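Before any comments, here is the structure.
Every number here is computed from the coordinates shown, using simple stated rules; none is lab data. Because the structure is predicted, anything quoted here is derived from the model rather than measured. Note: ideal-geometry Cβ built from the backbone for every residue, glycine included; neighbour counts use all protein chains shown.
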Amino acid sequence: MGCSEVFSLLDYGALEEQLGHLEGEIEDLKKNLESKDITKDDFEGKKLNLLEEIKKLRYEIEQLKEQFNAKSQEEKVIFDELNLLSDQFQIDIDEYSGLATVYLSASIDTHFEVDVDCSKYPEPPYLFIPKEIDDFFKGNIVSELKTLKKWSLKKPPHLVDIFKELEKKLVAFFQRDNEIVENREKIANRRKLIKLAQTAEEAGNFNEAFELYKSVIYISQDLKDKETSAKYKEKIKEIEARAKQQ
Amino acid sequence: MPSNNEEIESQLYELRALRNRARKQRANNELEQAKELYSNAIDVAKKLKSNEDVEQIEKIVKKIELDLLLQRVAKIEQNLNQMTWAE
């Protein structure tokens, strides 16, 4: 039996009528209470009855609503795909409409929201690509996604595969930003090591200073910063000489 | 019946966009607005002769209608609970 058959107008109409009736009764009770046209016992009794009727009505509406929550086989497949997607990405799902918003991070500071309509899965989903992504890729990034290009209705890929590929492309595009952030952390770390090395040197702890300056050189080499690397190589020679003099 | 592929594509996009906007409004508990958008989406789906879409969206609209009834129920319950006898 289809849902539209289950949800007969009679069911909905009857519930709405009951609700309208209750609204009227509560309005009348309020008027009676304000004009003192009701005794305390009558008021309390009526209130209790109405609360009971409200409870019953709510249950009936929820029961009817529950009938819509039963999923068809197709909806179950979509629901499973969305669940799989939610295991790897942060998403907002509307399981009954087959639409979702997927949150992607291209770098620490760059995030995107991509809406997806997979209500026709196993047909290929439709991606609502935000304009900024389209602008970055000077055209339609969707046409570059191999997962979508090679879509097979017989053996459809998982939705999550599309987003993994999309995220990979975005991360590659924003690689420079990622590197800058990574380098920023390395530079901050190097600064700390230089301070520690200088303190050790001033205290005459040449071994410690030597090791710390060596770390500074490694970080500089990693950053391809030849100038700083050369500067601290000289510093190490200087420390070795001072250590020998001691 | 849409006259050409371009028109179908455009209507399909409109249908997806309407459903997507409606979904977000529903998630924000803006039920009346969501219902309105879903109703518009049904009109587009009918133009596309997509019975499957019509049926799917009608199901969502009916759930929204029931949620609206539940909101009214919550409101009268609150009103009733606030009524107290005063000497």
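Before moving on, here are some points about what is shown:
- Sites matching chymotrypsin sites (Phe, Trp or Tyr not before Pro) across chain B that sit in DSSP coil, with at most 14 neighbouring C-beta atoms within 10 Å: B:W85
- Average beta carbon contacts from partner chains per residue of A:228-240, 10 Å cutoff: 0
- Across the stretch A:23-37, rounded Karplus estimates of 3J(HN,Hα) from the backbone phi angles (6.51 cos²θ - 1.76 cosθ + 1.60, θ = phi - 60°) give 4, x, 5, 5, 4, 4, 4, 5, 5, 4, 5, 5, 8, 6, 8 Hz, Gly and Pro being marked x.
- Two-decimal log10 I(q)/I(0) for the stretch A:183-246, as the Debye equation yields it once each C-alpha is a single scatterer, q = 0.22, 0.23, 0.29, 0.30 Å⁻¹: -0.82, -0.88, -1.23, -1.28
- Of the trypsin sites (Lys or Arg not before Pro) found in the stretch A:90-161, the ones in coil according to DSSP and having at most 10 other Cβ atoms within 10 Å of their Cβ are A:K138, A:K150, A:K154.
- In the stretch A:90-177, the ratio of gyration radius to Kirkwood radius, Rg to Rh, stands at 0.96 when only Cα atoms are counted.
- Listed residues A:F163, A:F206, A:F174, most fluctuating in chain A (Gaussian network, C-alpha, under 10 Å): A:F206
- 37 °C / 0.692 mPa s Stokes-Einstein diffusion coefficient of the stretch A:139-188, Kirkwood radius on C-alpha pairs, µm²/s: 257
- Across chain A, Cα pairs under 8 Å and at least six residues apart give a relative contact order of 10 percent.
- Inter-chain shielding of B:74-83 (mean C-beta neighbours from other protein chains, 10 Å cut-off): 5
- Helical content alone sets the calculated 222 nm signal of the protein assembly as shown at -24500 deg cm²/dmol, taking -39,500 (n - 2.57) per DSSP H segment of four or more residues and averaging over every residue.
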